[in-house]
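The values are calculated or read from the model by the stated rules, or taken from the named source; none is laboratory data. The shown structure was predicted, so the numbers you read here are calculated from the model rather than taken from an experiment. Cβ atoms come from the backbone with ideal geometry, glycine included; neighbour counts cover every protein chain shown.
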């Protein structure tokens, strides 16, 4: 088909062009709905710790949830710009850079300021189980974000998948933390950090196939 | 003439209000912009330039809502065009890697500054001079568009063997073409 013929055809179908607003809103709703699916998966496959009110657990849970939600919310701020095919502004570049802040702060807090107890952090079996669990619980959230991404016009597909993975795992962390009895800051910094980065990396690997348009 | 940022922006604003003429001017403006962009990057690949322009126009038509009116529209169009160009090279490279190495592709490219009309018969005559298996893989993969895997299945040889025979065949063809020039 010649380009002029295509233009004629598109003009005839002008009424069918999408009048939807740029993707700025709706992400939170999508994430909350898909988080409830993640929660159902969690309730089916994992058990909430016995003494949920024990002070060490509450402190550990607060640290994990703050870390997860801070990562998710910072990643969500950068998310819409990735879907709308606009050149990144300085503000967006800053937003993207800020996503790494919770991981950096937690690692700094644990390893530079406090006295590290390495024992729990070196518990590979628990750590790997923790990473795998967060990945699984985050999967429906990531899938919904990718579905949303397909409505847009993302041009940086790996970055979009990575940021989507960070949002998803950020919300997956407080869900999984309900069953995780580990409260050592070193353990949380290492394994929860690994879980968030691993989900982002897998997201970056899978996204090009799913988001290409 | 290259459409200005303001012209395109105005056309899009009017088009969003239902003005069909403005929409036509918008698409024609974008077409001219992308033509210029693609011609500079796909020298000698006129059909691919046309395909790229059409891909961009379709993307603009289907995903117009992703444009943020507070941003420059030319930058938005260039981002889409760049994405489509990268995608074009990605697909082209993948297809090429399936069948031949960069080395033999370059050799063929060097040797293939010949007119399309004389290519077919000349190439056919040269192919018949190749060993039987090299002839078969080149006919299947390069002329009939079969994938390496499909050609391997049809010829009952391994995909690696298909790649090797294609590589050798293309190299010989390139040498023969050079000798005939």
- Message: Any residue at all in region B:83-91 that's within 22 Å of the chain's Cα centre (by Cα), more than 10 Å from chain A (Cβ to nearest Cβ) and under 24 Å from residue B:24 (Cα atoms)?
- Response: yes
- Message: For region B:45-72: of the residues being over 14 Å from residue A:153 (Cα atoms) and over 18 Å from the mean Cα position of the chain (by Cα), which is nearest to the other protein chains (Cβ to nearest Cβ)?
- Response: B:71
- Message: Checking the structure you have, find out if any residue of region A:181-199 is under 29 Å from residue B:64 (Cα atoms) and part of a helix (DSSP H, G or I).
- Response: no
- Across region A:1-27, the tally of residues that are over 41 Å from the mean Cα position of the chain (by Cα) and modelled with pLDDT under 75 stands at 1
- Task: Identify, from the list A:55, A:102, the residue that is more than 20 Å from the chain's Cα centre (by Cα) and farther than 25 Å from residue B:80 by Cβ.
- Result: A:55
- Set A:150, A:209: member being assigned to a helix (DSSP H, G or I) and without any contact (Cβ under 8 Å) to a residue 24 or more places away in the chain: A:209
- Message: Looking only at residues that are within 13 Å of chain A (Cβ to nearest Cβ) and not in a helix (DSSP H, G or I) in region B:1-36, which one is surrounded by the fewest Cβ atoms within 10 Å (Cβ to Cβ)?
- Response: B:17
- Filter pass, residue B:45 being surrounded by 13 or more Cβ atoms within 10 Å (Cβ to Cβ), touching a helix residue (DSSP H, G or I) at 6+ places or on another chain (Cβ under 9 Å) and modelled with pLDDT under 85: yes
